[in-house]
Amino acid sequence: MADHKYPGYQAWLPPRVRYDEKLSPAAKLLFCEISAMTDVRGYCWATNRYLAALLRITKVHVGRLLSDLAGRGYITSEVIRSETGEVKERRIYVSDQAMATIPPPYKNVDTPPVENVDTPPHKNVEENVSNKEHTPYSPPRGTRARKHKKTADWEPDTFEKLWKWYPGDPARHNKRGNRQRAIRAWDNLSPSPELIETMSDALARQADSEEWREGIGIPHLSTYLNGAGWEGWESEAS
């Protein structure tokens, strides 16, 4: 690692990421490296092995930090595959949420209440409130509730095996909403047979790692799929 060449790209750390108390300093530093490469091509193309060498940490640690950043909504990833389904490249993007500004506190937060706060509402207001209580709720225009799916559209049998086998705390794994997010991530990924085999091999190695056996650093299945969590675990030679 002493001979590792450090890139000269300029990095940035937006306030929303910088002041996120749920992120470790290492995760924030990794975000800086991702942002530096993103500024060059529009996305970060580095592998877990490269990032581990750059930050002088293990590939397992890099994978966990990427999961943390993805779980907080600060990065997204895309896997580029060949025509035969082989993984050619992973692209990590900085999300719009990471760049969003933190709203300042409301200026009049300490303003005393208005004197006439107990003034009874106007007659028409009472009528409107009464009418609204009996009006069926309709969501705002342009919004649509997500369709609840029993299972994945893509390779449903394989997804079900993965969902039942995936390691971690069952209560956390089966928490409401996690399955639907995992189904969406699986369908969006639509892994080829070759990629499924790669993921299976990687998951077997990860599940046997000391950290995962102790329940440390296991991401939600949706986070694992969206963040290409299998990378760096495909084989001993990788």
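Rule-based calculations on the coordinates, nothing more; no lab input. For clarity, every value in this text was computed on a predicted model and none was experimentally measured. As a convention, Cβ positions derive from the backbone with ideal geometry for all residues, glycine included, and neighbour counts pool all protein chains shown.
How big is the gap, in Å, between the Cα center of region 179-238 and the Cα center of region 51-71? Here the answer is 15 Å between Cα centres. Each of 231, 83 was scored by other Cβ atoms within 10 Å of its Cβ. Listed from fewest to most, they are 83, 231. The loop-placed trypsin sites (Lys or Arg not before Pro) in region 144-238, going by DSSP, that have at most 14 neighbouring Cβ atoms within 10 Å of their Cβ come out as 144, 146, 147, 149, 150, 175, 176.
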